[in-house]
Amino acid sequence: MVLHQFTQALREFDNVLITDEKGCAIFYDLADLNILLEIGLTPDEFFQKTVTDSYQNLSTDTSTIFKVLQTGEPIIYFEQVLTTLNGFSYTSLSSTYPIIEGGAIIGAIEFSKHFYESKQIKYLDHFLGHKLYRDNHTNYRLEDLISVNAEMKAQTEKARRGAKKNSSILITGETGTGKDIIAQGIHNESERFTKPYIVLNCSTLTEDNIFSQLYGIEAEGKQGKLQEANGGTLLIDQLNMLDLSLQAKLLHAVDLKSLNGEPLDIRYITTVNEDLDKLLAEKKLREDLFYRLNVMQIDLPPLHMRKEDIPAILDSYIQFYNEHTIQKDVRYSEEVLQLFYEYHWPGNVRELKNALEAAYNNLTGQEILLEHIPERIVRTVQQKAQPSMPNIHSGHLRDLTEAYERLIIAEKLRETEGRLAETARRLGISRQLLKYKCLKYELL
């Protein structure tokens, strides 16, 4: 195969499979790693079989790999539905080429892209879209965090600058705001991007397992997180979930300069999904550990504070699903967009993504309508949109005034589709004052 064909295939397809002359896999680079779980095989088991052994509907007569091995002729842009031994089906679009050496066919290489039904969207959650970073255990770059919001863009640029240094970084933000994307993006923007990115989940650490998690079990030949992350990055995830009694042990670990006689070189990134000042004031976070891990702090705003990002986020997810599911040209209605503007999004971008996945599962045509959106979201917005009129015959003047003020602001927000700057202009107040009142009245 000539070089430009290889280059084009690598650009157009997500997966690469190489077999020997017997059709046994010797290399498989998958963008959607969960497919092996659905096939029902471990990677080692997959490499011990021919490519036809893992599917109900593949034989040496129907397999593109075997056809190319037999004929020596490439098969370009071939679409077929593959069904695994345990009944999982997906559509594969592939281009397959022979590998020839000294006039003999010694193997085949197949570039493919998989397409799923809407109900199978969950299998794309860990899709590795950046081929360069598959080996370091990451999925994301900083460019994957979609935002036009000034504050979010400022925090992303702060992360980009911090990535070039070697200092510890602490990322704060509610669940679902994008802390994982920022953390992985920092690793991939740093000089450590070829080294491992390892996650230490503090919510799973206990008195019984913290030592083995950090240092491994030598007798069993099991490495701990410190050894695994050496030379790379260790993400200390959900630090606020770590019991105070265990925080001293974590502090001791991150202060180590060597382990078992070998020097340690680890970049620490930490995430917290609660208010830092409150954690410190309530003595739920050790100050010495906080200062050790918080050389640079990045604060991610919640989605309800950056609703101008909703269209771009929706468009990005829909484009991705259009490219990797059988349904094409899916779009959303204006009513859905308006609904999303008015909803508070306590689960942030993660909740928005889940709502969109639910819509895909309910979709019958190509347009996402209100009827496809989870009922709880629609119900919450409808209840919020119909505030009760205050009773002018009872209550204090201040309470009555605030109730009317809330009604007026809510109405203006609906008119401007949630745009704070335009709403503030129409009300004749500053954006800062409007934001304060919106938070006070729980309108954001």
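Which of the residues belonging to the range 48-64 are in a helix (DSSP H, G or I) and of a type in the set (Ser, Thr, Tyr)?
52, 54, 64 - these are the residues of the range 48-64 that are in a helix (DSSP H, G or I) and of a type in the set (Ser, Thr, Tyr).
Please note which helices (runs of 4 or more DSSP H) are completely contained in the range 325-444 and include at least 1 residues that are within 28 Å of the chain's Cα centre (by Cα) and of a type in the set (S, T, N, Q).
Correct list: 334-342, 348-362, 375-385.
When you scan the range 273-282, do you find a residue that is in contact (Cβ under 8 Å) with a residue 40 or more places away in the chain and among the basic types (Lys, Arg), even just one?
no
If a residue must be at pLDDT 90 or above, surrounded by fewer than 20 Cβ atoms within 10 Å (Cβ to Cβ) and out of contact with any strand residue (DSSP E or B) (no Cβ under 7 Å at 6 or more places or on another chain), how many such residues does the range 101-143 contain?
7
Which one of these is more than 25 Å from residue 145 (Cα to Cα) and surrounded by fewer than 19 Cβ atoms within 10 Å (Cβ to Cβ): 242, 279, 250?
From the options 242, 279, 250, the qualifying one is 279.
Would a scan of the range 419-441 turn up a residue that is touching a Phe, Trp or Tyr at 6+ places or on another chain (Cβ under 6 Å), of a type outside the set (Lys, Arg) and outside the structural domain of residue 341 (by TED's automatic domain parsing)?
Within the range 419-441, not a single residue is touching a Phe, Trp or Tyr at 6+ places or on another chain (Cβ under 6 Å), of a type outside the set (Lys, Arg) and outside the structural domain of residue 341 (by TED's automatic domain parsing).
Could you list all residues from the range 244-275 that are in contact with a strand residue (DSSP E or B) (Cβ under 7 Å, 6 or more places away or on another chain) and among the hydrophobic types (A, V, I, L, M, F, W, C)?
254, 264, 266, 269, 272
Got a sec? Which of 119, 67, 113 is assigned to a helix (DSSP H, G or I) and either in contact with a Gly (Cβ under 6 Å, 6 or more places away or on another chain) or in contact (Cβ under 8 Å) with a residue 60 or more places away in the chain (or both)?
119
Restrict the check to the range 255-264 and report whether at least one residue is assigned to a helix (DSSP H, G or I) and of a type in the set (Ser, Thr, Tyr).
no
List every residue pair whose Cβ atoms sit under 6 Å apart, with the two residues 6 or more apart in sequence or on different chains, where the first one lies in the range 416-440 and is within 19 Å of residue 148 (Cβ to Cβ) and the second, anywhere, is among the polar types (S, T, N, Q) and modelled with pLDDT under 85.
Within 6 Å, the pairs are 422/416; 423/416.
In the range 324-369, what residues are touching a strand residue (DSSP E or B) at 6+ places or on another chain (Cβ under 9 Å) and without any contact (Cβ under 8 Å) to a residue 12 or more places away in the chain?
Residue satisfying the conditions is 362 alone.
Among the residues of the range 151-168, is any outside any helix (DSSP H, G or I), outside the structural domain of residue 310 (by TED's automatic domain parsing), under 18 Å from the mean Cα position of the chain (by Cα) and surrounded by fewer than 18 Cβ atoms within 10 Å (Cβ to Cβ)?
no
The values are calculated or read from the model by the stated rules, or taken from the named source; none is laboratory data. Every value quoted in this text rests on a predicted model; they were computed, and no experiment measured them. Note: ideal-geometry Cβ built from the backbone for every residue, glycine included; neighbour counts use all protein chains shown.
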